[in-house]
Amino acid sequence: MTLRLMGANPCVTLYDDGRATAYASVWRVDWSLRGSGRALVLGTPDRIRIIGPDATLSTWLGAEFNRHLKSVSAGIGWSEPELAVAPVEFDLDLSEGLRASAADVTVEITAPIDRFLTRNDEYDLGGTPNILSTVWIPCRHGAISVGGTRLAGEVTVDATAPMSSAFIADAEVWCTTDHPRK
């Protein structure tokens with residue numbers, strides 16, 4: 001087993017009439033094979049943007065993780081990302097939620113519903129099986145703004161499950177199983 005990453009990855013996907021309109025994945029990497037730092041990945045039907053102060057780490061997060069996270073990019077797809085080097089502000093309060101910003105993008109995820117320790121021993125990232133453990137916190141609200149304008153769409157929430165397209169993933173650990181799929 002190879003430890004790949006430890007940190008947090010709050011995410012929000014917005015939907016309009018059942019169709020994904022945008023997603024944002026915000027990373028706080030406490031340790032990884034590519035170093036530590038922060039990044040923000042924004043996906044819309046028109047383009048993918050990756051923003052962070054460390055271009056190597058930011059690009060790796062997008063290529064190795066976000067492009068394969070179906071729960072994040074549901075319906076948006078992946079295209080050649082635009083990379084911007086800029087700081088990422090990351091304010092996470094596990095009782096209240098997240099506010100993050102990078103360049104002209106702001107992400108808010110608020111109103112936690114509950115908290116769960118989860119583990120998936122066969123999380124497929126592009127044909128490479130990974131072990132993912134995380135404290136997963138579905139939230140009631142989420143928004144993405146670009147240049148001060150809120151992007152279209154709403155968070156989908158099923159409070160009885162509970163499930164949400166806005167969530168906080170903290171204490172997140174990714175490991176490869178070192179057994180590639182055939």
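The values are calculated or read from the model by the stated rules, or taken from the named source; none is laboratory data. Nothing here was measured: the structure is a model prediction, and the numbers come from that model. Positions of Cβ are backbone-derived with ideal geometry, glycine not excepted, and every protein chain shown enters the neighbour counts.
If the condition is being touching a Leu at 6+ places or on another chain (Cβ under 6 Å) and in a strand (DSSP E or B), then segment 30-41 contributes 32, 37, 39.
Residues that are part of a helix (DSSP H, G or I), small (Gly, Ala, Ser) and surrounded by fewer than 17 Cβ atoms within 10 Å (Cβ to Cβ) within segment 42-88 comprise 55, 63, 71, listed in sequence order. Restricting attention to segment 148-170 and to residues that are small (Gly, Ala, Ser) and in a loop (DSSP other than H, G, I, E, B), the residue that is nearest to the chain's Cα centre (by Cα) turns out to be 165.
Any chance segment 4-19 includes a residue that's within 26 Å of residue 140 (Cβ to Cβ), in contact with a Pro (Cβ under 6 Å, 6 or more places away or on another chain) and modelled with pLDDT of 95 or more? No, segment 4-19 has no match at all.
Looking only at segment 91-112, filter to residues that are in contact (Cβ under 8 Å) with a residue 24 or more places away in the chain and assigned to a loop (DSSP other than H, G, I, E, B); which one of those is farthest from residue 140 (Cα to Cα)? Per the criteria, the residue is 103.
Scan segment 1-12 for residues that are surrounded by 18 or more Cβ atoms within 10 Å (Cβ to Cβ) and closer than 18 Å to residue 92 by Cα and jot them down. Within segment 1-12, 7, 8, 9, 10, 11, 12 meet the criteria.
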